[in-house]
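Single-structure report; data block below.
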Amino acid sequence: MLYIISPSRLSGPNAIKLRKAPGKVIEKGLALLPRGGPFSGMFWRIFLEFQFPRYLLGLSPFPVAVLLFPDYALPIAQAPALMFLALYFVEYHVLSISSPQKRRQMADETTRARALDLLQVRGRGLLTRIAARRGLKTGELYLVVEQSALARVVPLTVVSVQHTEGKTPLVLELDDEERTLIAEKLFDAGFDEALLQRVNQAENIFFRPVSLEARGISAHARLEAMAATAPG
């Protein structure tokens, strides 16, 4: 699931202020939840990032067992070691891949290099178009692509555009056209979120910033970017 961040669309926009750029956004917790509450799949996918609902998931077999076998309700309720093992199994064997060897097998070196090269090229292209569209000529821009480390669930990819000028980093407020541009150009059938997740799992790295200095964008590149985003 691709989640393109715009502060005004979040339930806690003031909580994603940055101390430095590029900075991690995915770890901002409840502030990441979209406005509108539990009426979207994105809300529940982000909610799964918190430990509490995952613990409920891991412990769910116990109340079911109590209902099915009421005569054993007391011993089931008094089995903390078994509950701990259930949580451990879900966290470290269902929702994560704990073995470094198994992680490395998810994507070979050639696949990883190709995917990360594509991410850099596409990221710089997107930043160029966004900078040209906004007339940005100073500071440094970052397309920050973060993914959830959870495995065996729908990949969560959080994308933000960050800008730093002097000592004031911020997450840019993206408009509809910019969000659509990122959604259409960052991934495709040959390089999708699932492939990036396999690469990130293989390297155990889930934070992928792409940087671009605004002053380094050539006039020709600005004209091309402006032409590409022009209506019609």
Residues (among the hydrophobic types (A, V, I, L, M, F, W, C) and either modelled with pLDDT of 95 or more or under 15 Å from residue 42 (Cβ atoms) (or both)) located in the range 161-171
161
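Can you find even one residue in the range 105-118 that is in a strand (DSSP E or B) and among the acidic types (Asp, Glu)?
Filtering the range 105-118 for residues in a strand (DSSP E or B) gives none.
Checked the range 105-118: no residue is in a strand (DSSP E or B) and among the acidic types (Asp, Glu).
Quick grid of which residues meet (1) at pLDDT 85 or above; (2) open to solvent by less than 60 Å² (accessible area, probe 1.4 Å):
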residue	(1), (2)
6	yes, yes
21	yes, yes
29	no, yes
34	no, yes
41	no, yes
57	no, no
71	no, no
76	no, yes
Going through the range 142-160 one residue at a time, which ones are open to solvent by less than 10 Å² (accessible area, probe 1.4 Å) and at pLDDT below 90?
151
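Hey, among the residues in the range 12-39 that are without any contact (Cβ under 8 Å) to a residue 40 or more places away in the chain and among the basic types (Lys, Arg), which one's farthest from residue 213 (Cα to Cα)? Please lay out each step first, then the result.
First, pick out the residues of the range 12-39 that are without any contact (Cβ under 8 Å) to a residue 40 or more places away in the chain: 12-15, 27-31, 33-39.
When the remaining residues are screened for being among the basic types (Lys, Arg), the result is 28, 35.
Numbers: 28: 26, 35: 32 Å.
Taking the candidates together, the pick is 35.
With outside the structural domain of residue 170 (by the TED database), at pLDDT 80 or above, more than 17 Å from residue 158 (Cα to Cα) and not small (Gly, Ala, Ser) as the only criterion, which of 97, 130 stands out?
Numbers: 130 fails: outside the structural domain of residue 170 (by the TED database).
Exactly one residue qualifies, and that residue is 97.
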Would you tally the residues in the range 171-198 being among the aliphatic types (A, V, I, L, M), surrounded by 12 or more Cβ atoms within 10 Å (Cβ to Cβ) and more than 14 Å from the chain's Cα centre (by Cα)?
4
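The values are calculated or read from the model by the stated rules, or taken from the named source; none is laboratory data. Not measured: the values here are computed from a predicted model. Here Cβ is always computed from backbone atoms with ideal geometry, including for glycine, and neighbour counts include all displayed protein chains. Note: accessible area is taken over every heavy atom of the protein model, side chains too, but ligands, DNA and RNA are not part of it. Shrake-Rupley method; radii C 1.70, N 1.55, O 1.52, S 1.80 Å.
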